[in-house]
Structures are given as C-alpha cells and as structure tokens.
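The structure is given below, and queries will be raised subsequently.
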Amino acid sequence: QERRYFQFFLNEVSPQLQTYDAFFWSHPPGLVLQESSTTSSVRHAIIAIGALAMSTQKSYCGTHRMDANPGFHREFALQQYQMAIQSLRHGILNPDEYEGIRTGVSCCLVLAFFDNFIGNGGFAMQHIRYAREVLANAKHNLPNTEHHNPQDDQLTNMLLRMDVQTLCALGIDEKRTYVNLERHTANFVLPTRFYDLEEAKAARNLMMCIGYNFYYRTACYSSTPKEAIPQEIIRERDDLVQQIHILHALLNELLLDIAPDFVCHPLSRPESLKLYLTTLLIRLTTSLGAPQTACDELLPHFEYLVAMSRETMEYEYAVDPGFSGKCSPPLFPLFLILKQATANTFLDGETFTFEVRTVAPLLLVATKCRDGLLRREAIHLLLYSHRREFMYDSRLAGEIGQWIMGLEE
C-alpha cells in the first residue's frame, strides 16, 4: 500500500511541484527522493501526500477537489503523516551535523506541503519556522566550505521563498525569527524596451527576487514607527517601487504587439506576466509605515488584479468537470452571478492548488484598496467559492476583508 501511494506521488503530484523546484521534487534525481531512500520521515511524508492526492479529484486545470469525508486514502495519509512526525522527532540524526541539517530541513518542507494540502496552514507555518531556525543556527555550528553543495543553496532559496509566502499569507508574528539575508546586489538595469516574452520574463523574475529579498529583510520594521525606520531603507523601498513602475510600462508596451490569447489558461497568457509583479508593487508601496492614501494611485493595478482573478475563476469553473452542470465553455458570466448574489452565496466544495493563483491578489484588494465597489467585488470573489491556494484560504481571506472593511467604514 505504501509503494502504491509513493508511486502515485511520483506520477501525479511530483510533476505539479517541479515547476519551481525541480531539484527538490523531480524524478530522478530530486533531493526529496534521495532523502526518502535513507530517511523514514521523508518517505512517510511523501507517502502521506500521495495518499491524500489519491483521495481528491483532479481537474483539467490542476486543481484538486478535496473530499472532507474520512475515507481510506485520507485516513492512511494521516497515519503516514503521524509516522513522519514521530520519525522526525525521535530520529537519531544529530541536528548539529551537516546531513542532519539537510535532512531535517527537507523533511520539514515536505511536511509543510502536506499540511497546506490538507488545510492546516498553522502546522505548515510551524514546520517552516522550525526549518528556518535550524538553518539560521547552522552557520554558527558548521564550517562554511567543508560540506558546500550547490543543492544546499537551492534548498535555502526554496525555504526562504516559502517563508516569504508565510509572511504574506499568515502575517507577521512579533516573536518571529528571521534568516539574516544580505542585500541583493545583482547589477540590474532595465532595458529601454523588451523584444520578446522570454526577455521580459527574465527581467520580471529578477525584479521579483530583488523585491522580495527587500520585503523579507525589512519585515522586522512592520511594527516600527515610520520616523524610527532608517532613511536608507525608505529610499531603497521607493527606488524599488519606481523600478517596478518602469518595468510595468515596458511590459505594457511589449503586450501591445502580442495578439491576445483566449484559449489557454489566463495565468499562462502574456498579460499574466504582470500579476505577481503587481502584488509585489502593492506590498512594497504599502510597507514601512506608508499612509493608506498611497494606495489611491494604485487603482488601475487593483482593477487589473480583480480582472485577472475573475477571469481565472471563470476559466477554471468552465473546464472543471465538477462544475459541468453549472456551465460549459466558453466562459460563463461569473460577474453577472456575483452582482445578483447575496454576500453569503458561494459554490459548494473545496479546491486546492499547490500554487497561488487568485486568493493573494484578491486579499490585497480586499484589505488595501480604497475603492468600495472594487473592494466588495474582491471580497465577493473570495467568498463565492472555497479555494485554497498553498497557504491561502479564500473563505478566511474574504472574511478578513469583510471584517477590516466593516471597521474602516
């Protein structure tokens, strides 16, 4: 039975996870599979993910329709998860040794993916926090060059990216510890124009890396009065915001020469290049004690986030067999349903994706945008269906947006 679920993970789940971290999930020779052959905690965690995935129905768009009923697959997944925790807790690996650190971080990341998959974001955050503390203490216990492996750098980057996603999805804990990152020093100069999408994607990815490096380094100032924040930090933030505005203008110019694509998934279309860059722009603009009025100039960006999220939801509902009785391609007019629906109207069922698609952008609109109509549409999209995307939960995000809006109004 374990072999069956392990193979299901390799065939069905691993390909979904390889987009961002092929070094970790690929078969062969991914790091997690290497660890699973020698470490029971990692192997049990992988089996747990495979068993949980088998309990779901996968749509054409890569979403998993969750089955909340306790069936055999789900029960087996929980048993394997418990065995992984016990094995990690009682393992003989020394956390002060190189192999112990690497294995412990790898196991924590796999367990975090399982907890996000099943809907336990708080437990996922604890796994990431433990891995972060192990990593933060590692450099004090180990020599810098003796055991260096390129995969370790990739593993560190993967953990830090998940840590940033935890910050964005679950907020900043006052007692939080951080990995002491150095400032990103890449020589990044924007061109006068882009000649193709690949060039634009490369610039976008580098800007995302620089921007979230800054966001992570300065999260410790989230509760600091603005006058107490070093001025060089404020200037660096303003320079990054200005660069993102310039990059947006270059992307808009490039998109004018590209024919629109209405066939593939909205997040695979050229115009989606700006999606995650726009969320970064809003996060930076509203950080470090910035006034709420700073969002007023971002209204076109908020409108873009809502439009992209709405289009993504329409597309996925149109091709998802679970909604075949409600709609069929071409896209059904979700925006008309939303206008006629009450605040408590939503579709039944719960879906999950390993990547962030709509909830993070809509949560930003629901909590930062000062246009009442647009804000309400974002909240309604969040509450319309129960979508979980990595650490984000649309129902929770929608209720948070409603609560904040109620206080402010």
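Just grab the label-to-label distance for Asn252 and Asp239, each label 7 Å out from Cα along the Cβ direction, in nm (one decimal).
Simple spin-label model gives 2.5 nm for this pair.
Another question, if that's okay. Take Thr19, project a point 7 Å from its Cα along the Cβ direction, then tell me which residues of region 380-400 have their backbone nitrogen under 15 Å from it.
Counting backbone N atoms under 15 Å from the label point, the list is 388-392.
So how do Val306, Val319, Val189 rank on accessible area, 1.4 Å probe, biggest first, that is with the largest at the start?
Val189, Val319, Val306
Expressed as a whole percentage, what fraction of the accessible surface of the chain belongs to carbon and sulfur atoms when a 1.4 Å probe is rolled over the protein heavy atoms?
Heavy-atom surface of the chain belonging to carbon and sulfur, 1.4 Å probe: 53 percent.
With θ set to phi - 60°, apply the Karplus curve 6.51 cos²θ - 1.76 cosθ + 1.60 along region 105-120 and write out the HN-Hα couplings as whole Hz, x wherever there is a Gly or Pro.
5, 4, 5, 4, 5, 5, 5, 5, 5, 4, 5, 5, 4, 8, x, 9
Which residues in region 368-388 have a backbone N closer than 16 Å to a point placed 7 Å from the Cα of Gln292 along the Cα-to-Cβ line?
368-376
Okay, moving on. Under a 1.4 Å probe, what is the accessible area of the chain per residue, stated in Å²?
Dividing the accessible area of the chain by its residue count gives 49 Å².
Order these peptides, 391-401, 364-374, by their mean beta-carbon neighbour count within 10 angstrom, highest first.
Taking the mean over residues of other Cβ atoms within 10 Å, the ranking is 391-401, 364-374.
Could you tell me the calculated FRET efficiency between Leu407 and Arg3, based on Cβ-Cβ distance and R0 = 51 angstrom, to the nearest 0.05?
Numbers: r = 53 Å, r/R0 = 1.04.
Step by step, r from the Cβ atoms, then E = 0.45.
Follow-up. Just to be sure I understand: of the beta bridges DSSP finds with both ends in the chain, what percent are antiparallel, rounded to 5?
Details: 6 of 10 bridges.
Beta bridges within the chain, antiparallel portion: roughly 60 percent.
While we're on this one: Extending each Cα 7 Å along its Cβ direction at Phe188 and Ile172, get the distance between those two points in nm, one decimal.
With each label placed 7 Å out from Cα toward Cβ, I get 1.9 nm.
What distance in nm separates the simple spin-label points at Asp153 and Ala228, each placed 7 Å from Cα in the Cβ direction?
Taking the simple label geometry, Asp153 and Ala228 are separated by 3.7 nm.
Show that you can apply the helix-only estimate: for the chain, add -39,500 (n - 2.57) for every DSSP H stretch of four or more residues, divide by all residues, and state [θ] at 222 nm to the nearest 500.
-19500 deg cm²/dmol
Write out the chymotrypsin sites (Phe, Trp or Tyr not before Pro) in region 207-313 meeting two conditions: DSSP loop, and at most 13 other Cβ atoms within 10 Å of their Cβ.
Numbers: sites: Tyr212, Phe214, Tyr215, Tyr216, Tyr221, Phe262, Tyr276, Phe302, Tyr304; in loops: Phe262.
Counting only loop positions with at most 13 other Cβ atoms within 10 Å, the chymotrypsin sites (Phe, Trp or Tyr not before Pro) in region 207-313 are Phe262.
The values are calculated or read from the model by the stated rules, or taken from the named source; none is laboratory data. All of these numbers come straight from a predicted model, not from anything done at the bench. Positions of Cβ are backbone-derived with ideal geometry, glycine not excepted, and every protein chain shown enters the neighbour counts. Accessible surface is based on the protein model in full, side chains and every heavy atom, while ligands, DNA and RNA are left aside. Shrake-Rupley method; radii C 1.70, N 1.55, O 1.52, S 1.80 Å.
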